[in-house]
Amino acid sequence: MTRLDVRKTYKLYIDGAFPRSESGHSYQVSDAAGRFAANAALASRKDARDAVVAARKAFGGWSGRTAYNRAQVLYRVAEIMEDRRPQFTDAVVLAEGASAGQAGRIVDTAIDRLVWYAGWADKLTQVLGNANPVAGPYFNLSTPEPTGVVAVLAPQESSLLGLVSVVAPVIVTGNTTVVVSSFARPLPAVTLAEVLATSDVPGGVVNLLTGDAASIGPWLAAHMDVNAIDLTGVAGRPDLATQLEVAAADNLKRVRRAPSAEPDWAAEPELDTMTDFLETKTVWHPIGL
Amino acid sequence: MVFEYAPAPESRSIVDIKPSYGLFIGGEFVDGGGTSFKTVNPATEEVLAEVAEADSDDVDRAVKAARKAYDKVWSKLSGAERAKYLYRIARIIQERSRELAVLESIDNGKPIKESRDVDVPLVAAHFFYYAGWADKLAYAGFGTTPLGVAGQVIPWNFPLLMLAWKIAPALACGNTVVLKPAETTPLTALLFAEICQQADLPPGVVNIVTGAGATGQALVEHEGIDKVAFTGSTDVGKAIARAVAGTEKRVTLELGGKAANIVFDDAPIDQAVEGIVNGIFFNQGHVCCAGSRLLVQENVADEVLARLKRRMATLRVGDPLDKNTDVGAINSAAQLARIRELSEIGAAEGAEAWSAPCDLPTQGYWFAPTVFTGVTQAHRIAREEIFGPVLSVLTFRTPAEAVEKANNTPYGLSAGVWTEKGSRILKIADKLRAGVVWANTFNKFDPTSPFGGYKESGYGREGGRHGLEAYLR
């Protein structure tokens, strides 16, 4: 007699917990071949707002940690992903229809990307900051600081590597985030959330919503307690991207514009993935006896 | 014994204001196709000149001139050659500094003491600083490719200084510009155009289009520009952010503020009082980073306020061209109305106003330095930018309360902190969500020091190495 397998319920990840959507809605997720794979929670406006509250609450603590500590926390995420490499590989095979070999390379790159970003945590201030030689007796120092709560519309195609490539640069500098996963390929995102929950990333730093960027995006773009938004997830949809950018102007969010098509996620990232979500603070103090 | 000040007026004879001005396009002054408007001396309401109001066709001509100059000349010059043009401009500004200062004070209403000792020296320094970057861009970390044509819109509070903040980095990076000065203060920008001619700057590298909001809108929305740089109100900044949505245009916005100036009980009180006065009464409070909310620790509030009022009573309000004047004229009738309206609202909402006793001139636009006490965080005078010589005073008990109140604003441009305790300065500076923090000082500016806001005070930085980022890819 064959054993009946136990299926997994894919839920949202908000404030360190795994709730269903408050709306009670879910949607069917298919594998790359079009076969039913699972039901995923369909995040609602209320879920998005709850996630923003959690991200705001987590911001002070996360941004206040030492850069060294944030580096360690991100590196720890990479360690746990490596530990669960077969699980992630299966998830990418299912979501993207990649061969096991291709999926394995995607997972490896995603893990390496996390390690790369983890290392930036305590170097970015030195690369971006300046002591400024003002013409007077003043100490004057400019340093980067996180922008705050960043909404991220994750890429639609690259369900794991793309996701890691947009989330890691946001949080490594001390921001907290509300992420909307790929709509059609959300399952690797939920698996990543399970890794985050069992690593040292504090609850609320990353909040992960499965659902449609076109329906949740406008709420996040217009939310007055969100400081910035990454529109990568609406790449190739210029009308929607423009609509979101207009909404983001209500409180002058920093906007990372949507590219015309998804970028090559295998390429080494540039610094603007991090600097787009940083502020520069300049402090003056007189010099004297 | 009381010493009286004798009048000490700076001579106007050094400036030659023409009865009318055209637009500066393609290296020449040309007539605009639109109407014209008057610019007045806010201290006397005297009409200074008629200035052309650029319409959308004029803006289009200016953008085309800038594009042509970019394609044919400026983008082909080596950084070292661009640098020498900027050094040349910096030197001419120094040589003509008194003329620029007097003209600025006449058109803007700011005290000659400030235009002469702050604005114009900083303008020259800004051009000198960015000149040196032009052939060293590869070391700055933002790429070395210019964006193309920059559309730049600047405010009336520091007309020439804001021009320098916009034009110097743009040109150093290899861009050409179309700049629109504010409608109430166009004259020093037009004199700057003359300086560009004196420097033999290639035609079209700098174009100046005068006008009001419609001219600025035509510039910002023009399809031929690659970059928008704006300094002004948060409302207009948001409109610009919406207008560029869906385009490839890069944008930097330097907008409003409602800065907290935090005074702890261990602060050197006399120095803090000077900093409070400088923070809110410098340039009549027409400063986006003005320290317009005084947060004073409760146990020293009475002492600080008593000394502040004593100091305010010694401020000399009047003729901007008098070398002893501390506070000049409000820039326009519209701004004066705005300041009066918010002050009346402050009183109506229950705050208590006190103004320095001073005789205000009967002609022109004037507002006595004013402090409001008994202000709560809910009062509009604690939330909205007044952009005038009006200070709102709130109190706090603990450092945590000070930080919370300081950050309780949609703005985040600047902040001040006064205390003798070093570790406290660093902690408070760390917690303040503002782009510039002045500790035991206020309202200091330097071309090497990046300036710009958090949150609804805008994005991007001007000044320093960071200021290059806005003009390179």
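Listed values, structure above:
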read-out: Filtered residue count, segment B:104-150, keeping only those that are open to solvent by 10 Å² or more (accessible area, probe 1.4 Å), of a type outside the set (Asp, Glu) and closer than 30 Å to B:Glu45 by Cα; value: 5
read-out: Conditions (1) within 21 Å of B:Ile276 (Cβ to Cβ); (2) more than 8 Å from every other protein chain (Cβ to nearest Cβ): number failed by B:Trp438; value: (2)
read-out: Answer residue from segment B:118-170, given it is more than 23 Å from B:Phe282 (Cβ to Cβ) and polar (S, T, N, Q) and is nearest to the chain's Cα centre (by Cα) among those; value: B:Gln152
read-out: From the options A:Pro146, A:Pro202, A:Pro218, residue that is without any contact (Cβ under 8 Å) to a residue 40 or more places away in the chain, open to solvent by 10 Å² or more (accessible area, probe 1.4 Å) and not aromatic (Phe, Trp, Tyr); value: A:Pro218
read-out: Residue among B:Arg82, B:Arg96 that alone is more than 30 Å from B:Lys38 (Cβ to Cβ) and of a type in the set (D, E, K, R); value: B:Arg82
read-out: Some residue of segment A:213-225 being more than 23 Å from A:Gln102 (Cβ to Cβ), among the charged types (D, E, K, R) and within 14 Å of chain B (Cβ to nearest Cβ); value: yes
read-out: Test: residue in segment B:395-403 that is buried (at least 22 other Cβ atoms within 10 Å of the Cβ), within 14 Å of chain A (Cβ to nearest Cβ) and over 26 Å from B:Ser115 (Cβ atoms); value: yes
read-out: Enumeration of residues in segment B:33-74 that are open to solvent by 50 Å² or more (accessible area, probe 1.4 Å), part of a helix (DSSP H, G or I) and among the hydroxyl-bearing types (Ser, Thr, Tyr); value: B:Ser56
read-out: Options A:Val206, A:Val255: the member that is under 22 Å from A:Ala41 (Cα atoms) and among the β-branched types (Val, Ile, Thr); value: A:Val206
read-out: Answer residue from segment A:246-289, given it is within 7 Å of chain B (Cβ to nearest Cβ) and among the hydroxyl-bearing types (Ser, Thr, Tyr) and is surrounded by the most Cβ atoms within 10 Å (Cβ to Cβ) among those; value: A:Thr282
read-out: Among the candidates B:Ala170, B:Ala199, residue that is closer than 17 Å to B:Ala90 by Cα and buried (at least 22 other Cβ atoms within 10 Å of the Cβ); value: B:Ala170
read-out: So B:Ser414, is it more than 9 Å from chain A (Cβ to nearest Cβ), closer than 21 Å to B:Ala382 by Cα and surrounded by 21 or more Cβ atoms within 10 Å (Cβ to Cβ); value: yes
read-out: Qualifying residues in segment B:363-375 (those that are of a type outside the set (Phe, Trp, Tyr) and either at pLDDT below 95 or open to solvent by less than 40 Å² (accessible area, probe 1.4 Å) (or both)) - the one farthest from B:Ala290 (Cα to Cα); value: B:Gly364
read-out: Selection within segment B:146-172 - assigned to a loop (DSSP other than H, G, I, E, B) and within 17 Å of B:Gly237 (Cα to Cα); value: B:Ile154, B:Pro155, B:Trp156, B:Asn157
read-out: Sole exception among (1) more than 20 Å from B:Gly237 (Cβ to Cβ); (2) surrounded by fewer than 16 Cβ atoms within 10 Å (Cβ to Cβ) for A:Asp225, by number; value: (1)
read-out: Residues (more than 17 Å from the chain's Cα centre (by Cα) and either facing chain A (nearest Cβ under 8 Å) or closer than 17 Å to A:Trp284 by Cβ (or both)) located in segment B:457-468; value: B:Arg465, B:His466
read-out: Count - residues of segment A:132-173 that are within 14 Å of another protein chain (Cβ to nearest Cβ) and either among the aromatic types (Phe, Trp, Tyr) or under 12 Å from the mean Cα position of the chain (by Cα) (or both); value: 4
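The values are calculated or read from the model by the stated rules, or taken from the named source; none is laboratory data. The structure displayed is predicted, hence computed values, not measured ones. Don't worry about glycine lacking a Cβ; one is built from the backbone with ideal geometry, like all the others, and counts go over all protein chains shown. Heads up: the accessible areas ignore ligands, DNA and RNA and are worked out on the full protein's heavy atoms, side chains in. Shrake-Rupley method; radii C 1.70, N 1.55, O 1.52, S 1.80 Å.
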